[in-house]
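Report on the structure given below.
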Amino acid sequence: MIFDFYRQFKEDNKYKKIIGDDYMIMEYKCPIETEKFQLLAEWNFITYVISGRKDWLLPDKVVEIKAGDALFLRKGVYTTRQYFEEDHCVLVFFVSDNFIRKFIRENKSIIEPRNGEIIPDQIFEIDVNEVLRSLFYSVYNYLKMETNDIPKDLVEIKFKELFFNLVLNPANRKLTSFLSSLSRTSETNLEHVMLNNFQHDLQMEDFARLCGRSLSAFKRDFKNFYQQSPGKWLMDKRLEYARALLISSDLNVSEVCFESGFKNAAHFNKAFKDKYQLPPNQFRLKNITV
C-alpha cells in the first residue's frame, strides 16, 4: 500500500503544520518501527532532517540523508528505508508548482535562464549553509509555538526567503535549473511523470493528480501525446519492464510482478503470456539458457 504523503498529513490534526494556499510546512516524526514504505506526494517538497537518518531509494541509486541534510523532491512516488538508531524527525515544506512559477517569474533578474535544458532528476541534494540552517530552525521554532495564529504573510516571507537561498547558492545550480524550467510551462510534464511512476501500483486518479490535471483532462492530454489510452500504455510499459527484470535481475516471478506495478499475480501471468507467448517463469528459463 502506498502512503498518500501530502493528503494524509494535511488532513491529520495530530501533526503540527502551517497551511497556505500553495504551501504547507510541517514537523514529522517517523515511527521508529517503520523500516521501509512507499509514499505518494502530489506536491513537490523539501525535507530537512532534524535527527536520525533515512535512505531514499531510486531505481539507479540510493540517497542517504542524516541530521543537517536537506533534499528537494519532485512530486511522485518514493520508497524510503528507515534506520533504527534514533527517531527520525524532519521538517517538510510542501510547495505547489504555482508557487514556484510565480517566484521564478517575479525574480527573473537574479535567476539565469536555461531555456530548453531538460532536468530528469527526481531528487536534488540541497547545499545547507549556515543561513539556510538558521532559516530551517526559525521555522521549526514557529511550529513549536503553542498557537495556531502565525500570520500567513510571515510564513510566505519565510518560503520566499527559502527559495532565495536556494537559487542564489551556486552549489544548487541543478535544482535552480529545474525550478526555472517550471516557469516555461503552465502544466506539469506528463511524459516525465509517467516514465518515472508507471511501475507503481497507482490508480488513474493518482496519475492525474501527479500531472496536476483533472481525470478527464489527464486522459485527453495523454491520448493526444501518446496516441493511445493511459490503460493500454501502462499495461505495455509494465510488461516491458517485467520482461527486462526477468532477464536481468535475480527477483523471483512474484517480486517481478509487484515491482512492475501489478498487484495480482494471476493477472500478471496472463497478461505476460498474452504479450510474449510464454508465462514469466518459462520466458526467464528460455532467455537465460539462450
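The values are calculated or read from the model by the stated rules, or taken from the named source; none is laboratory data. Because the structure is a prediction, the values reported are computed rather than measured. Counting neighbours? That spans all protein chains shown, and the Cβs are built from the backbone with ideal geometry, glycine included.
Quick notes on this structure:
- Every residue from region 240-252 that is surrounded by fewer than 19 Cβ atoms within 10 Å (Cβ to Cβ) and farther than 16 Å from Asn197 by Cβ: Ala244, Ile247, Ser248, Ser249, Asp250, Leu251, Asn252
- Test result for Ile25, free of Cβ contacts under 8 Å to residues at least 12 places away in the same chain, over 28 Å from Phe258 (Cβ atoms) and aliphatic (A, V, I, L, M): no
- Among residues of region 127-144 that are assigned by TED's automatic domain parsing to the domain that holds Val90, those with a beta-carbon under 8 Å from a residue that is among the basic types (Lys, Arg) and not in a helix (DSSP H, G or I) at least six positions away or on a different chain give the pairs Leu143/Lys16; Leu143/Lys17; Lys144/Lys16.
- If you check Glu85, Glu117, Glu161 for being surrounded by fewer than 19 Cβ atoms within 10 Å (Cβ to Cβ), modelled with pLDDT of 90 or more, over 17 Å from the mean Cα position of the chain (by Cα) and over 25 Å from Met1 (Cα atoms), only one passes: Glu161.
- Subset of region 142-154 (residues that are part of a helix (DSSP H, G or I) and either farther than 18 Å from Tyr23 by Cβ or modelled with pLDDT of 85 or more (or both)): Lys144
- Ser181 vs. criteria of a type in the set (Gly, Ala, Ser) and within 21 Å of the chain's Cα centre (by Cα): yes
- The condition of being touching a Ser or Thr at 6+ places or on another chain (Cβ under 9 Å) and either surrounded by 15 or more Cβ atoms within 10 Å (Cβ to Cβ) or not assigned by TED's automatic domain parsing to the domain that holds Arg74 (or both) does not hold for Lys275.
- Some residue of region 191-199 being farther than 30 Å from Ile111 by Cβ and surrounded by 12 or more Cβ atoms within 10 Å (Cβ to Cβ): yes
Yes/no matrix, rows are residues, columns are (1) out of contact with any strand residue (DSSP E or B) (no Cβ under 8 Å at 6 or more places or on another chain); (2) among the charged types (D, E, K, R); (3) assigned by TED's automatic domain parsing to the domain that holds Asp55; (4) surrounded by 19 or more Cβ atoms within 10 Å (Cβ to Cβ):
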{"position": "Asn98", "(1), (2), (3), (4)": "yes, no, yes, no"}
{"position": "Phe124", "(1), (2), (3), (4)": "no, no, yes, yes"}
{"position": "Glu156", "(1), (2), (3), (4)": "no, yes, yes, no"}
{"position": "Asn172", "(1), (2), (3), (4)": "no, no, yes, yes"}
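- Region 176-188 residues that are without any contact (Cβ under 8 Å) to a residue 24 or more places away in the chain, paired with ones that are not in a loop (DSSP other than H, G, I, E, B) (beta carbon under 9 Å, 6 or more apart): Thr185/Arg101
- Those strands (runs of 3 or more DSSP E) lying entirely in region 1-104 with at least 1 residues of a type in the set (Gly, Ala, Ser) and more than 17 Å from Glu156 (Cα to Cα): 36-41, 44-51, 70-73, 76-82
- The residue list Val128, Val139 contains one member that is in contact with a helix residue (DSSP H, G or I) (Cβ under 9 Å, 6 or more places away or on another chain), within 20 Å of Tyr28 (Cα to Cα), modelled with pLDDT of 85 or more and in a loop (DSSP other than H, G, I, E, B), which is Val128.
- Residues satisfying the stated conditions in region 245-290, i.e. among the aliphatic types (A, V, I, L, M) and either outside any helix (DSSP H, G or I) or closer than 16 Å to His200 by Cβ (or both): Leu245, Leu251, Val256, Leu278, Val290
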